[in-house]
Amino acid sequence: MERARGATVSLRLDGTPRPRRRFRTRVFVSLLALSIVTGAVAGAVFYRLQLEFIEKDRARRASTLLTSLATQAELGAYAGDAGLCDLPVRRTFREDDVVMAGVYDTGGRKILQLSLPALGTPPPPPLARLTSLLADPDAPAVRLPADGYDDMWAPIVTSVRTPAVAMSSEPGGAAPRREVVGLARVGLSLVPAREQLGEVLRTGVYLAALLAMLGALAALLIARRISDPILALAAGADAIRAGNLDVEIAVGSEDEIGLLAASFNAMAAELRETLGKLESLNRNLEAEVLRRTDEIRRSAEFTAVLNAAHEGEELKRLLEDALATLLAATNVRAAAILLTNEEALEFELHFAANKGDAPSFGAMPSHTALASGEPIVEPTRAIVPVLFRGQPEGAIVLLEPTREAIDFAARAAGQLAIAVSNARAYNALQHLARELTERNAALVKQRDQLQEMNRLKSEFLANVSHELRTPLNAILGYTELIHEGIYGPTTGEQREALDGVEESSRNLLTLINQILDLSKVESGKVEIYVTEVAMHDIAQHVAAEAQVFLRDKALKIEVVAASRIVIKTDSAKVQQIVTNLVSNAVKFTDKGSVTIEVTPTKEGGVAIAVKDTGIGIRREDQQLIFEEFRQVDGSSTRRYSGTGLGLAIARRFAHLLGGTITVESTVGVGSTFTLTLPPEPRPRPPAPPSTRQSGTMRAVPPPPSSPGVQKR
Amino acid sequence: MTPTGKTVLLVEDNPHNRKIFSGMLVHSGFAVVEAEDGHQALAAVAPDKPLPDVVLMDLSIPGVDGWEVTRRFKADARTKSVPIIALTAHAMRGDEERARAAGCDHYLAKPISPKKVVEEVRKILGMS
């Protein structure tokens, strides 16, 4: 836990002072208001008291003045003589605060009166108010308000000794009868009193102000005295909250706040102690965690090494790394990994690693001894079995191991078993995959080579075709021109020779065309153009064309057609097939006939049989003749010209059209080749290997002037 | 034979074939203008020259090839109406289509009888 230092505490105090000052201000303001009120009340009370005092003083003075005047003017009033009154009145009037002095008789008539000129004429005595004075010698003085002074009246009393009365009413002596003989009047100025009152008021205000100031000072002190400890407390609490448990709140008082501070301090101390314990616990925990982490890490390293097997590590490499990790993770002096041999019956030392000298691991354990899966602990070594699916697959041998090392190895053994098994499986799989990949690559290469060869072949054939046709055109052209006599007349012998040139050239052209046909069929480039074709017409046409093959042979070509048969097929291909069959028949027949027989089939198709009366074909050769470049024997090759491609191509074309060519023959009697075609082309089941056939079918009309299509 | 009054432009690089077709055409009463390669073929129809009535066009020829010469003939308003007969040893599948795509009006594959060529020419010119 991070701990805030003292600096942080003060910083917090300085940093957030406002709320605390407000509190202090509130205390101060409250106390100040209180002291102002107190001062004001005190001033008011003082004023009030002073006012009363002044009043009483005035009353006393008025009484003194009146008494004095009444006493001195007794005789004058009694006599009603102004002269007698003059001295007392004047004496009284001389007083500073007297504005008027006078003596009146009982009838309210003025005997003598002196007044300040500023007063003007004083009002006459209000007799109605003065009757009480006339009736009672002991009546108190009457005070009448006037402008700027008090108009005070008192009775002037004289004592009259009357014996009768005295004797009758007071047996002890002769008591004098008191009698009102006049009225004394004094105007007492209000000015001195007012001045005095102003003085008093000022004093009162000063007093109040002084009190208020004293109160303010006191309030300040008190506020401080109250707020400072609270602030200190708050700061301390804050510091504790912020984590500074070393803080000691010093309030410096023994009151409630002091107690509170002490509680805070105690709490901080408690927290400090708890924290210390926690930290210590944490440290222990951390150490424990570190220890466990390290253990896990070492284990993970081991696992990682083993997992590498999945990623294609060689078994050797895997075991080396596993041992290195094992040695690093434990304190054994040396360790070895044993694995079963091929027969899985005995152990072989596969890898060993050690710290220091190469040690001896002792004798190999027996296979059965490890089957239990329990580690075998011997004085100087321990053998930990590596079981995979219950079978000892290997063992880890540790030299001078600790218990911990054995445990570690035991934990590692399970992983090692899986890893070894994986590695072995992986190796096998990888080997297989490598082989497969190589084989695949070889196949791909082969395919590419074949494709390239095919392309080159097509190109080559196109070139060959072009380069052969050009000179052939010249040979045939010259022959024709000479034959026509364009270069002059020719002899019969020359024309014969020209026929030979022409025949040879045509044979050559046939060979070229056949080779091209075959290569086109083989590369699947033959397209068929399906139309409605009249078979009779084809037969007639071929028969007519074949007349040129006859030369001087004693042969006749016949067409036998029962009815007009029309099927959907490629007429050019059919014509090529039949021409081939007829030319073959002519070739191998010296005398007799060649018959083209057209008959309908049950399926609605057609059978075109080409019968000859030639040399025939041996039974065993009857299929060989359909193979490329094959004639039935060497001698025939020499005797009969021909490429040996014709039948092969014919059969392939027949297959393309969905038909077949069959042969029946008797040596020395003749042969019959029969082309059978369906009502319309249909894909055929896979042909025999020798007649690999391919091609695409397309039901489109032939181009307007396709060279292969003969006009009929 | 009697002259036909018709001129054939014979484009053919092989001297023998040129001689054969030319001989047969002349023999049949045609006037023949020979061209050994594409440049000569193009020069033969220059504005100052009389236009041929028909063209026999070998396709594999040096310089500008026959397909290109055909395209140019057919692109030029002056020559586009002259019929062109491809006369070629390119006789494999698709060759006729290629020739017609370039603008050839007719197609004859070598080897071919010279008489047959003359027949074709006559037919195209409406002479037979």
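We did not get these values from a lab; they are worked out from the coordinates using the rules stated. Here the structure is a predicted model, which means the values were calculated and not measured. All Cβ positions, glycine included, derive from the backbone under ideal geometry; neighbour counts span all protein chains shown.
As a ratio to 2.2 N^0.38 Å, the alpha-carbon radius of gyration computed for the stretch A:200-294 takes the value 1.99.
3J(HN,Hα) along the stretch A:225-240: 5, 7, 6, 4, x, 5, 5, 4, 4, 4, 4, x, 4, 4, 4, 5 Hz, from the Karplus curve 6.51 cos²θ - 1.76 cosθ + 1.60 with θ = phi - 60°, whole Hz, x for Gly and Pro.
So what's the stretch A:371-444 giving for Cα Rg divided by 2.2 N^0.38 Å, two decimals? Let's see the in-between values first.
Values: Rg = 18.1 Å, N = 74, 2.2 N^0.38 = 11.3 Å.
In units of the 2.2 N^0.38 Å rule of thumb, it is 1.61.
Amide hydrogen proximity for A:Gly592: with H placed 1.01 Å from N in the peptide plane, the residues at 5 or more positions away or on another chain lying under 5 Å are A:Lys556.
Within the straight-line cut-off of under 21 Å between alpha carbons, the lysines reachable from B:Lys116 are A:Lys711, B:Lys6, B:Lys19, sequence neighbours fewer than 8 places apart in one chain being disregarded. Partner shielding of B:7-19 amounts to 2, given as the average count of beta-carbon atoms from other chains within 10 Å of each residue beta-carbon.
Could you name the aspartates and glutamates whose alpha carbon sits less than 18 Å from that of B:Lys49, not counting residues in the same chain fewer than 8 places away? Candidates past the 8-residue exclusion: B:Glu34, B:Glu36, B:Asp37, B:Asp76.
Could you tell me which GluC sites (Glu not before Pro) in the stretch B:1-80 are loop residues by DSSP with no more than 10 other beta carbons within 10 angstrom of their beta carbon?
Values: sites: B:Glu12, B:Glu34, B:Glu36, B:Glu68; in loops: B:Glu12, B:Glu36.
Those that pass, being in a loop and sparsely packed, number zero.
Which whole number gives the average, over all residues in A:461-469, of C-beta atoms from other chains lying within 10 Å of the residue C-beta?
Numbers: counts 1, 6, 0, 0, 6, 9, 2, 3, 8.
Average per residue, whole number: 4.
Here the Karplus relation 6.51 cos²θ - 1.76 cosθ + 1.60, evaluated at θ = phi - 60°, turns the backbone of the stretch A:403-416 into coupling constants of 4, 4, 5, 5, 4, 4, 4, 5, 5, 6, 4, x, 5, 4 Hz, with x for every Gly and Pro. Taking amide H as placed 1.01 Å from N in the peptide plane, A:Val157 has its amide H under 5 Å from the amide H of A:Val181, each at least 5 places away in sequence or on another chain.
Normalised by 2.2 N^0.38 Å, where N counts its residues, the alpha-carbon radius of gyration of the protein assembly as shown equals 2.72. Applying D = kT/(6 pi eta Rh) to the stretch A:441-527, where Rh is the Kirkwood radius over alpha-carbon pairs, T corresponds to 4 °C and eta to 1.567 mPa s, the Stokes-Einstein value obtained is 83 µm²/s.
Give the residue list of GluC sites (Glu not before Pro) in the stretch A:242-297 that are DSSP loop and have at most 10 other beta-carbon atoms within 10 angstrom. Please report the intermediate quantities before stating the final value.
Working: sites: A:Glu248, A:Glu254, A:Glu256, A:Glu270, A:Glu273, A:Glu279, A:Glu286, A:Glu288, A:Glu295; in loops: A:Glu248, A:Glu254.
Passing sites in the stretch A:242-297 are A:Glu254.
The mean of 1/r over all distinct Cα pairs in the stretch B:42-114, once inverted, gives the Kirkwood hydrodynamic radius of 12.5 Å. Electrostatic tally near B:Gly29: other residues with Cβ closer than 12 Å to its Cβ, Lys and Arg +1, Asp and Glu -1, net +2.
The convex hull built on the alpha-carbon positions of the stretch B:1-52 has an orientation-averaged projected area of 3.3 nm².
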